[in-house]
Amino acid sequence: MCFNGPALDSEHHRTFSSNQESGLDCPLLHMEDEAKRLAMYTGKGWPHTKPSAVKMAQAGFAFQPTSDAPDFGSCSWCDLGLDGWEPSDDPT
């Protein structure tokens, strides 16, 4: 399983506890490289200016958009995934 971190409830974010829930391909082990993560944001069209694609990649998030979660970011280290990013959110 990929997104096996604890599910967190938040007003603005959805989390997934497994790749079966999220429908995303795993594992994300190849996303340990920041440049590779940033390339995902620029190649797939990150929909926000804040938080920026650079900040998301620096924080360790890989961009894996879905039709239900167009700004879905998954953490390369803890396997937690979040979406619903707002301009005031800080991924670090």
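Quick notes on this one:
- Residues that are within 14 Å of PRO91 (Cα to Cα), surrounded by 19 or more Cβ atoms within 10 Å (Cβ to Cβ), polar (S, T, N, Q) and modelled with pLDDT of 90 or more do not occur anywhere in region 29-50.
- If you go through region 54-81 and keep only what is under 13 Å from ALA35 (Cβ atoms), surrounded by fewer than 17 Cβ atoms within 10 Å (Cβ to Cβ) and among the hydrophobic types (A, V, I, L, M, F, W, C), you end up with just VAL54.
- Boolean, PRO91 is within 19 Å of LYS36 (Cα to Cα), surrounded by fewer than 17 Cβ atoms within 10 Å (Cβ to Cβ) and under 10 Å from the mean Cα position of the chain (by Cα): yes
The values are calculated or read from the model by the stated rules, or taken from the named source; none is laboratory data. The shown structure was predicted, so the numbers you read here are calculated from the model rather than taken from an experiment. Note that we place each Cβ from the backbone using ideal geometry, even for glycine, and neighbour counts take in every protein chain shown.
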